[in-house]
1. Ala147 versus (1) closer than 30 Å to Arg184 by Cβ; (2) in contact with a Pro (Cβ under 9 Å, 6 or more places away or on another chain): which is the lone unmet condition?
2. Select from the stretch 148-167 the residues that are closer than 17 Å to Ala233 by Cβ, among the hydrophobic types (A, V, I, L, M, F, W, C) and over 12 Å from the mean Cα position of the chain (by Cα) and list them in ascending order.
3. Output the residue which, of all residues in the stretch 58-84 that are out of contact with any Ser or Thr (no Cβ under 6 Å at 6 or more places or on another chain) and acidic (Asp, Glu), is farthest from Ala148 (Cα to Cα).
4. When only residues in the stretch 33-46 that are surrounded by fewer than 16 Cβ atoms within 10 Å (Cβ to Cβ) and touching a helix residue (DSSP H, G or I) at 6+ places or on another chain (Cβ under 9 Å) count, which is modelled with the lowest pLDDT?
5. Would you call Asp137 surrounded by fewer than 24 Cβ atoms within 10 Å (Cβ to Cβ) and either modelled with pLDDT of 95 or more or closer than 30 Å to Ser54 by Cβ (or both)?
6. Contact list please: Cβ distance under 6 Å, first residue in the stretch 198-213 and without any contact (Cβ under 8 Å) to a residue 24 or more places away in the chain, second residue of a type in the set (S, T, N, Q), pairs at least six apart or on different chains.
7. What are the residues in the stretch 57-72 that are among the hydrophobic types (A, V, I, L, M, F, W, C) and buried (at least 21 other Cβ atoms within 10 Å of the Cβ), if any?
8. For the stretch 78-106, give me each residue that is among the hydrophobic types (A, V, I, L, M, F, W, C) and either under 15 Å from the mean Cα position of the chain (by Cα) or surrounded by fewer than 20 Cβ atoms within 10 Å (Cβ to Cβ) (or both).
Amino acid sequence: MIALVRVVTLLVGLGASCGHAADIGYLAPPGVPAKEFPAPQRPVAQIVSPGRASEEHRDSLNEAGEIARLLELKPGMTVADIGAGSGYHTVRLSRLVGPTGAVIAQDVTRKYLIALARRTQRLRLTNVTFALGKPHDPRLPASSLDAAILVHMYHEVAQPYAFLYNLAPALRPGARIGIVDLERPTSEHGTPIGLLRCELTAVGYREVATHQLAGDGGYLAVFSPPEPGDRKAPRDVVACGRVGPR
C-alpha cells in the first residue's frame with residue numbers, strides 16, 4: 001500500500017507565520033466532459049458551508065466511527081473524502097488509516113482545500129493530499145482508492161451522472177463508496193434514498209447495503225462501482241425522473 005498519493009501539488013509556506021497555499025495543480029487527467037451526460041432532473045443544492053454541524057456534536061454521535069466501521073475502513077487503506085470541506089472526516093480518516101495509508105481530501109471549492117491544508121499542517125498529518133475537482137469530475141487518479149466517502153454533499157453535486165462516471169475509474173476492485181445524506185428533498189440539502197439509488201444505478205453502481213446512522217446523522221448508503229467492462233457509454237446514461245420528494 002502506498003503511503004502517500006500525490007493527487008495534486010499543494011505547496012504550503014512552511015516558514016510563514018500562518019502558512020499559505022502557493023499552488024494547487026492537477027496530476028490526474030480530466031475525465032469525460034459534462035456535456036456528454038444528461039443533467040439531473042431535480043434541484044441541485046448550493047454549497048453554503050464547509051461543515052454541516054459542530055464537530056463536537058458529530059463526535060457525540062460517533063459519526064466518523066460508525067462510517068468507518070460500516071465501510072470496514074482499516075489501517076493501510078487509501079480513502080478519498082469527497083467534498084471534504086473543513087476536514088471533519090479527513091482528520092479522523094488520517095489517524096485511522098495511519099502512516100501506511102493515505103487520505104485524499106477532495107473538494108470543488110479551492111478556499112476550503114487551502115484552509116484544510118493549513119489545518120492538516122498544524123496537526124502534522126503527513127498522509128493527507130488534496131484534489132481540486134470539478135462539478136462533473138473529482139479528478140482522482142485511476143485505481144487509487146480502496147474506498148470513498150461522500151458525506152452530506154451529494155445533493156450539491158451539480159453534474160451527478162458525469163461525476164459518478166468519472167469517479168468509477170479511481171476505485172480499485174473491491175472498493176466501496178459510502179454516501180451519507182438525509183431523507184429529504186435535494187432542495188433542502190438531502191437526497192431521498194430512492195433518488196440516490198436511481199442515479200447511481202443509472203451509471204452502473206450496485207447497492208451493497210443501507211444503514212441508518214444515529215441521531216440526525218441520516219443514512220449511509222454503500223455502493224460498489226461498475227466493473228470496467230460493464231460501464232455504460234455516456235450517451236446510454238438516462239437521467240432519473242421524479243423519484244420521491246425533491
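1. Of everything listed in (1) closer than 30 Å to Arg184 by Cβ; (2) in contact with a Pro (Cβ under 9 Å, 6 or more places away or on another chain), Ala147 misses just condition (2).
2. Ala162
3. Looking at residues that are out of contact with any Ser or Thr (no Cβ under 6 Å at 6 or more places or on another chain) and acidic (Asp, Glu), I get Asp59.
4. Taking the stretch 33-46 as the starting set, the residues that turn out to be surrounded by fewer than 16 Cβ atoms within 10 Å (Cβ to Cβ) are 33, 35-36, 39, 41, 43, 46.
Filter once more, so that each one left must be touching a helix residue (DSSP H, G or I) at 6+ places or on another chain (Cβ under 9 Å): 33, 35-36, 39, 43, 46.
Details: Pro33: 96, Lys35: 96, Glu36: 96, Ala39: 95, Pro43: 94, Gln46: 90.
Applying the filter and picking the extreme gives Gln46.
5. Working: surrounded by fewer than 24 Cβ atoms within 10 Å (Cβ to Cβ): yes; either modelled with pLDDT of 95 or more or closer than 30 Å to Ser54 by Cβ (or both): yes.
Taking the combined requirement at face value, the residue satisfies it.
6. Arg206/Ser224
7. We begin by selecting, within the stretch 57-72, every residue among the hydrophobic types (A, V, I, L, M, F, W, C); these are 61, 64, 67-68, 70-71.
Within the stretch 57-72, Ala64, Ile67, Ala68, Leu71 meet the criteria.
8. Within the stretch 78-106, the subset among the hydrophobic types (A, V, I, L, M, F, W, C) is 79-80, 82, 84, 91, 93, 96-97, 102-105.
The answer is Val79, Ala80, Ile82, Ala84, Val91, Leu93, Leu96, Ala102, Val103, Ile104, Ala105.
The values are calculated or read from the model by the stated rules, or taken from the named source; none is laboratory data. Here the structure is a predicted model, which is why all the values come from computation and not from measurement. Cβ sites come from the backbone with ideal geometry, for glycine too, and all protein chains shown count toward neighbours.
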